[in-house]
Amino acid sequence: MFNLFPLFWHASPGLALLATIFWMGVLIDCITKEPSEGNDKVAWTLLVIFVPLFGALLYYFIRRPERIKAVGR
């Protein structure tokens with residue numbers, strides 16, 4: 001039987017590095033480009049910091065396209 005555990009063991013550091021780079025990019029985007037109106041910037045920043053991967057994915061796929069579309073108007 002083929003054991004996949006060694007593949008995951010060696011792939012995990014790479015996935016962790018990619019997730020960290022993605023998280024840092026989203027955090028920087030949120031801090032630098034999110035409008036300071038209201039508490040949106042603070043709320044999104046706290047979400048990305050305290051719920052790292054899930055918060056970053058939410059911001060990237062929900063809020064970021066909405067913000068980019070609003071700037072294009």
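The values are calculated or read from the model by the stated rules, or taken from the named source; none is laboratory data. Quantities reported herein were computed from a predicted structural model and do not represent experimental measurements. With ideal geometry, Cβ positions are generated from the backbone for all residues, glycine too; neighbour counts draw on all protein chains shown. Please note that ligands, DNA and RNA were not included when accessible areas were found on the heavy atoms of the full protein model with its side chains. Shrake-Rupley method; radii C 1.70, N 1.55, O 1.52, S 1.80 Å.
What distance in nm separates the two pseudo spin-label positions at residue 53 and residue 28, each 7 Å out from Cα along the beta-carbon direction? The two pseudo-label positions are separated by 2.2 nm. The heavy atoms of residue 45 offer some 20 square angstrom of accessible surface to a 1.4 angstrom probe.
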